[in-house]
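Asker: Before we start, here is the structure in question, set down as structure tokens.
Just so it is clear, none of the values below were taken in a lab; they were calculated from the coordinates. Computed from a prediction, not measured in an experiment: that's the story for all the values here. Using ideal geometry, Cβ is built from the backbone for each residue, glycine included, and neighbour counts are taken over all protein chains shown.
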Amino acid sequence: MLKNLLLLAFISCVFCKEYYTVVFDAGSSGTRVYIYKIKQRINLLPEIKLVINHKETPGIDDKNIEDVESYLESFTRIIKDNVPDNFKKFTKIHFLATAGMRLSKKTEAHRKLDRVRKVLRNLKPFPYDKSNVRIMSGEEEGAYTWVATNYLTKQLENANKSQTIGIVEMGGASSQIAFLKEGNILANFFQAQIGLKQFPLYSHSYLHYGKDKALEWIRSYLMRKHKKGIIEDPCMVEGTDDGKEFRVANRTFKAKPNYEECVRLINYFIYEAPDDRCYPTPCAIGTTYQPKPDENMKFYTLATFFWSLKNLKLHDQRENVKDYDQATFTIENVKQKIRKYFNDSDPFKELERNPKFPLRKELFSSLYAIELLTDGLNFKEDRVFTAVSKIGDHSIDWTLGLALRLADFKICDQKSTQIHLLKQGGTLIFPSVGLLLICLITAYAFTKNTLL
């Protein structure tokens, strides 16, 4: 008995606690569940491994309230199958809805989340916490994406905070920007506490400014402008599999590509307020305050900036590489390539067709994303961006940033370390020096006991 207890104490000194965290990302286009295995390390950030991620479409905001339980069945089965039995009682489940649910009617959204809570409350033996099911703010989404990016690039461990990487992300319903900003941040401030370090972030989410919402707005605008007859759409090119004409909301649209007119419509959507209506200054889209990031700061652009541009071969120096996870681009180069697509009578003849990614919608998404960077977020056209989908084996997801933020840093920080004496069911906290002495004494006692 003594030998086993000493061995357990010694292992607790040398190895930090391992555990699992489950995070749902309930987005506008679908719902994903991520299961992470987290290992604490002394004086280091945790080691996080993605066990599995699983996606179902459409998103929960498109499901009827009475269908929520059945919608979650495959997710609960995956959670049960991928979290080991001896960890289930201690594995917390977080269900966070993003932009799609933010746009839903408040009463309907709350009723759906109540159904989610019912499912998770009955998912035994996993612990249940009502507050873990909620709609997350756009600022959180941007900030946790920033955390994930800088964790994977090891910038969180860098003593020089100025080398951290900013992020711009575009989804279907919203776009996010987050970057570190020293000095005063007058609005949209988010303090990221990671371990013993604090990172003052500017983080903002532009709701309705995702690629799908932008396309919906432009088509609604064209329908209001043209009450009858066929509507000519300047943002849709010809020469695609789905034909020159197409139907939207019982109206017939006709592709009539016009690069300049499409840019004009996008810029009408991404309006900038006059100076006398911008307070505090400077402003980005509308009257939204956004400080200027450092000109030398590196920015990763995610989601639409990667996939839509990749599908159309718009990234720099990647034309002959079929599969890649990162690529650079400048705004001016991408605009030149997009303009060529608009002027070509058969623009996609050399591209592979994929029904999941209609190419003329991808072209609009690419042009809109680029215009958002310049006319919306005020980046210069010659600035070099890095479009990223993965870093190593990890995709860049806000769920990873949240998992890191939720990690119990009291276990392995520089000030104190916990020794979990599982046999006694207690937790003791010792200063680092004291912990070292205890580890040495335990190791000596264990060795002596073994030899005896």
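Asker: Just the number, please: percent antiparallel of the DSSP beta bridges in the range 18-136, rounded to the nearest 5.
Answerer: Working: 19 of 28 bridges.
Bridges in the range 18-136 are about 70 percent antiparallel.
Asker: For the range 97-113, just list the computed ³J(HN,Hα) in residue order, Karplus coefficients 6.51, -1.76 and 1.60, θ = phi - 60°, integers in Hz, with x standing in for Gly and Pro.
Answerer: 9, 10, 4, x, 6, 4, 8, 6, 4, 4, 5, 5, 4, 5, 5, 5, 5
Asker: Still on this structure: I want the local charge near Asp294. Using Cβ-Cβ distances under 14 Å, sum +1 for each Lys or Arg and -1 for each Asp or Glu among the other residues. The partial results should precede the final answer.
Answerer: Values: positive: Lys161, Lys181, Lys292, Lys298, Lys380, Arg383; negative: Glu182, Glu295.
So the surrounding residues net to +4.
Asker: For Gln163 and Tyr268 in one chain, what is 0.36 nm times their gap in residues minus the Cα-Cα distance, to one decimal in nm? Kindly include the intermediate steps, with their values, before the conclusion.
Answerer: Values: separation 105, 0.36 × 105 = 37.80 nm, distance 3.50 nm.
Extending this stretch completely gives an extra 34.3 nm.
Asker: Which order, highest average first, do 173-179, 232-238, 95-101, 290-296 follow once you tally other Cβ atoms within 10 Å for each residue and take the mean per peptide? Numbers along the way, then the final one.
Answerer: On the way: 173-179: 28.0, 232-238: 22.3, 95-101: 25.4, 290-296: 13.7.
The most tightly packed comes first, giving 173-179, 95-101, 232-238, 290-296.
Asker: Grab the other residues whose beta carbon is less than 15 angstrom from that of Thr281, score K and R as +1, D and E as -1, and report the net. Display every interim value, and only then the final one.
Answerer: Numbers: positive: Lys181, Arg277, Lys292; negative: Glu272, Asp275, Asp276.
Around Thr281, the charge tally is 0.
Asker: Give the long-range amide H neighbours of Lys298: residues separated by 5 or more places, or on another chain, with amide H under 5 Å away, using H modelled in the peptide plane at 1.01 Å from N.
Answerer: For Lys298, whose amide H was placed from the backbone, the distant partners under 5 Å are Gly166.
Asker: Would you mind checking Lys112/Lys298; Lys298/Lys356; Lys37/Lys161; Lys17/Lys181 for any pair whose Cα atoms are more than 29 angstrom apart? Mind dumping the intermediate values first?
Answerer: Working: Lys112/Lys298 39 Å; Lys298/Lys356 31 Å; Lys37/Lys161 27 Å; Lys17/Lys181 33 Å.
Over 29 Å Cα-Cα: Lys112/Lys298; Lys298/Lys356; Lys17/Lys181.
Asker: Just check the range 18-136 against the gyration tensor rule for me: Cα atoms, a ≥ b ≥ c as the square roots of the eigenvalues, rounded for a/c under 1.5, and otherwise prolate or oblate depending on whether a/b exceeds b/c. Before the final figure, lay out the partial values.
Answerer: Details: a/c = 2.00, a/b = 1.70, b/c = 1.18.
Prolate shape, in that a/c is at least 1.5 and a/b is the bigger ratio.
Asker: State the antiparallel share, in %, of DSSP beta bridges confined to the range 253-412, rounding to the nearest 5.
Answerer: 65 percent
Asker: Taking 8 Å as the Cα distance limit and 6 or more residues as the minimum spacing, I'd like the relative contact order of the range 143-407 as a percentage.
Answerer: Values: 449 pairs, mean separation 63.7, N = 265.
24 percent.
Asker: Does the range 208-325 come out rounded, prolate or oblate by the C-alpha gyration tensor, with a ≥ b ≥ c the root eigenvalues, rounded set by a/c under 1.5 and, if not, prolate when a/b is larger than b/c and oblate if not?
Answerer: Working: a/c = 2.80, a/b = 1.18, b/c = 2.37.
In terms of gyration-tensor shape, oblate.
Asker: How do 59-68, 201-210, 106-115 rank on mean C-beta neighbours within 10 Å, highest first?
Answerer: On the way: 59-68: 16.7, 201-210: 23.3, 106-115: 14.8.
Descending mean neighbour count gives 201-210, 59-68, 106-115.
Asker: So which of Lys55/Lys92; Lys130/Lys197; Lys49/Lys89 end up more than 25 Å apart by C-alpha? Mind dumping the intermediate values first?
Answerer: Working: Lys55/Lys92 19 Å; Lys130/Lys197 29 Å; Lys49/Lys89 20 Å.
Flagged as over cut-off: Lys130/Lys197.
Asker: Using the Karplus curve 6.51 cos²θ - 1.76 cosθ + 1.60 with θ = phi - 60°, what ³J(HN,Hα) values do you get for each residue of the range 368-382, in whole Hz, with x for Gly and Pro?
Answerer: Whole-Hz 3J(HN,Hα) from phi for the range 368-382: 4, 4, 5, 5, 4, 4, 8, 6, x, 9, 6, 7, 6, 5, 8.
Asker: Over the range 187-228, what is the relative contact order in percent, taking alpha-carbon pairs closer than 8 angstrom and at least six residues apart? Before the final figure, lay out the partial values.
Answerer: On the way: 22 pairs, mean separation 10.5, N = 42.
Taking the mean separation of contacting Cα pairs over the length of the range 187-228, I get 25 percent.
Asker: Cα gyration tensor of the range 143-407, axes a ≥ b ≥ c as square roots of the eigenvalues: rounded (a/c below 1.5), prolate (a/b > b/c) or oblate? Show your work: numbers first, answer last.
Answerer: Working: a/c = 2.17, a/b = 1.53, b/c = 1.42.
Here the range 143-407 falls in the prolate category.
Asker: What ranking of Trp398, Trp217 emerges when the number of other C-beta atoms within 10 Å of each C-beta is taken as an exposure proxy, fewest first? Don't skip to the end; give the middle numbers.
Answerer: On the way: Trp398 28, Trp217 16.
Exposure proxy ranking, most exposed first: Trp217, Trp398.
Asker: With a point put 7 Å past each Cα toward its Cβ, work out how far Asp294 is from Asn378 in nm, to one decimal.
Answerer: Once both label points are built, they end up 1.9 nm from each other.
Asker: What residues qualify as long-range amide H neighbours of Cys283, i.e. H under 5 Å apart, gap of 5 or more or another chain, H built at 1.01 Å from N?
Answerer: Gln290
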